[in-house]
Amino acid sequence: MNNFVKIFDTTLRDGEQAPGCSMNEEEKVKVALQLEKLGVDIIEAGFPIASEGDFNSVKLIANQIKNCEVAGLCRANLKDIDRAWDAIKQAVNPRIHTFIATSDIHLDYKLKKTKDEVLEIIGQSVRHAAKYTSNVEFSCEDATRSDIDFLCSAISVAIQSGATTINIPDTVGYTTPSEFGKLIADINKNVPNIDEAVISVHGHNDLGLAVANFLEAVKNGARQLECTINGIGERAGNASLE
């Protein structure tokens with residue numbers, strides 16, 4: 001099991017952030033059914049709290065997909081998590097995917113919170129998600145610019161609280177393969193309970209290195225890759241599914 005690499009497709013969530021790639025409910029369901037035929041392991045169907053349309057799309061996909069896990073994205077707060085669960089709860093295998101930033105620049109200027117406050121939020125939100133399902137993914141937003149000691153603490157708290165997948169995103173698309181590989185290796189080495197979770201990676205292609213970064217991450221222990229069809233997504237796009 002440890003050597004199986006899961007493919008997590010986020011075309012319907014992150015991919016839709018690419019200019020010109022917005023889809024209506026019918027189009028999203030059509031794409032989801034094709035992804036199911038393709039055999040991806042997880043479909044991230046959307047961000048349910050973002051809009052009524054997104055909520056309805058995620059709910060439709062959750063009701064129709066039978067052979068893939070269906071994930072709903074939510075920020076690390078109780079209202080978001082409740083809304084995500086309402087959208088995906090009818091899925092055969094639902095996943096709650098919750099996130100909060102861990103880099104100093106995000107803590108200082110976006111969240112305006114201390115590290116201790118963020119650790120408290122992580123614990124509270126992941127525990128809340130785990131009341132609904134044992135399939136909980138936690139993302140450390142801006143992980144590649146985070147202090148490694150704090151990043152490891154955040155991951156450890158998330159796993160203790162019930163997360164079974166830990167996602168390490170290159171949110172700004174500016175890491176390189178050697179840096180990314182070392183980050184995954186350091187997490188494997190320094191998070192004492194990391195063997196209780198799957199390490200996932202999410203990458204942006206601003207330097208044209210998203211796929212190369214993923215290959216290096218797999219070498220160092222990542223076992224889930226978050227991709228999009230044709231690499232679509234915000235800015236320069238995501239790691240390419242194909």
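The values are calculated or read from the model by the stated rules, or taken from the named source; none is laboratory data. Source: prediction; values computed, not measured. We place every Cβ from the backbone using ideal geometry, glycine too, and count neighbours over all the protein chains shown. Accessible surface areas use protein heavy atoms only, side chains included; no ligands, DNA or RNA. Shrake-Rupley method; radii C 1.70, N 1.55, O 1.52, S 1.80 Å.
For segment 208-223, check the following and say yes or no: at least one residue is among the aliphatic types (A, V, I, L, M), under 21 Å from S103 (Cα atoms) and part of a strand (DSSP E or B).
no
For residues in segment 179-207 being more than 17 Å from D14 (Cα to Cα) and part of a strand (DSSP E or B), which is most open to solvent (accessible area, probe 1.4 Å)?
For segment 179-207, the residue satisfying everything is V198.
I'm trying to understand the selection: among the residues of segment 21-64, which are hydroxyl-bearing (S, T, Y) and either closer than 24 Å to R223 by Cβ or open to solvent by less than 20 Å² (accessible area, probe 1.4 Å) (or both)?
Matches in segment 21-64: S57 only.
Of the conditions (1) assigned to a loop (DSSP other than H, G, I, E, B); (2) within 27 Å of E69 (Cβ to Cβ), A154 satisfies every one except a single condition; which number is it?
(1)
Can you pull out the residues in segment 130-162 that are of a type in the set (S, T, Y) and more than 16 Å from D108 (Cβ to Cβ)?
Y132, T133, S134, S139, T144, S153, S156, S161
Are there any pairs with C-beta distances below 9 angstrom linking a residue in segment 89-101 that is closer than 30 Å to S153 by Cβ to a residue that is of a type in the set (A, V, I, L, M) and open to solvent by 20 Å² or more (accessible area, probe 1.4 Å), with the two at least 6 apart or on different chains, and if so which?
I96/A130; I100/L111; I100/I121; A101/L111
On the basis of being at negative phi, open to solvent by less than 40 Å² (accessible area, probe 1.4 Å) and touching a residue at least 24 places away in the same chain (Cβ under 8 Å), does Q160 make the cut?
In short, no.
I'd like to check something: does segment 189-207 contain any residue that is in contact (Cβ under 8 Å) with a residue 60 or more places away in the chain and not polar (S, T, N, Q)?
Yes, segment 189-207 has at least one match.
Among helices (runs of 4 or more DSSP H) lying entirely in segment 1-90, which contain 3 or more residues that are among the small types (G, A, S)?
The helices (runs of 4 or more DSSP H) meeting that bar are 52-64.
Of the residues I168, I148, I105, I122, only one is in contact (Cβ under 8 Å) with a residue 40 or more places away in the chain, open to solvent by 20 Å² or more (accessible area, probe 1.4 Å), β-branched (V, I, T) and under 23 Å from D14 (Cβ atoms); which?
Within the list I168, I148, I105, I122, the selection yields I105.
Given the options T176, T228, name the one that is farther than 19 Å from V5 by Cα and either open to solvent by 50 Å² or more (accessible area, probe 1.4 Å) or among the β-branched types (V, I, T) (or both).
T176
Listed here are the residues, each with its yes/no results for (1) closer than 29 Å to K113 by Cα; (2) not aliphatic (A, V, I, L, M).
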| residue | (1), (2) |
| --- | --- |
| F4 | no, yes |
| D14 | yes, yes |
| L38 | no, no |
| I49 | yes, no |
| N93 | no, yes |
| T98 | yes, yes |
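Name the pairs whose Cβ atoms lie under 6 Å apart, with the first residue in segment 17-32 and at negative phi, the second at pLDDT 95 or above and surrounded by fewer than 17 Cβ atoms within 10 Å (Cβ to Cβ), and 6 or more positions between them or separate chains?
E25/N56
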